[in-house]
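Following: one structure in structure tokens, then a few remarks.
The values are calculated or read from the model by the stated rules, or taken from the named source; none is laboratory data. Everything numeric in this text was worked out from a predicted model, so none of it was measured. Positions of Cβ are generated from backbone atoms using ideal geometry, with glycine treated the same way; all protein chains shown enter the neighbour counts.
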Amino acid sequence: MRDSTGVITAKLLAEKANPQADAVMGVAASSLALLDKQGMLHPYAPLNLDAIMANYRDKKKVPAWWGMDVWGATVCFNTVEAQKRNIPKPETGRTWRSRSTRARS
């Protein structure tokens, strides 16, 4: 299954009593921590565990999860649609957050 972290996590949680997945890849560490807290992950230490940076893995000796990469989230601003709606371009994260909160109401 390929989908967003939220959809995949929700599906895995819904299947907790009858798991369908053999492996989980490409979801956020926060989702893996939640699945671990729910007792849904089996600890596993790959042979090269020491080569995986500590920030990319569970802190337990035999980790329940570990990662292979980190990527940043991106926020995009659609200038064409903003111009149609007379919405000024946010200049800082603070203005972005205040405008995005108002946009949802």
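List of remarks:
- Picking from residues in segment 1-45 that are charged (D, E, K, R) and surrounded by fewer than 12 Cβ atoms within 10 Å (Cβ to Cβ), the one that is nearest to Asn55 (Cα to Cα) is Lys37.
- Checked against (1) modelled with pLDDT under 90; (2) part of a loop (DSSP other than H, G, I, E, B); (3) within 30 Å of Asp22 (Cβ to Cβ), Cys76 passes all but condition (3).
- Residues that are more than 22 Å from Met68 (Cβ to Cβ) and free of Cβ contacts under 8 Å to residues at least 12 places away in the same chain are absent from segment 21-37.
- Subset of segment 14-60 (residues that are farther than 18 Å from Met1 by Cβ, part of a loop (DSSP other than H, G, I, E, B) and polar (S, T, N, Q)): Gln38, Asn48
- Matching entry among Glu91, Glu81 (being at pLDDT below 80, more than 23 Å from the chain's Cα centre (by Cα) and either outside the structural domain of Met25 (by TED's automatic domain parsing) or surrounded by 10 or more Cβ atoms within 10 Å (Cβ to Cβ) (or both)): Glu91
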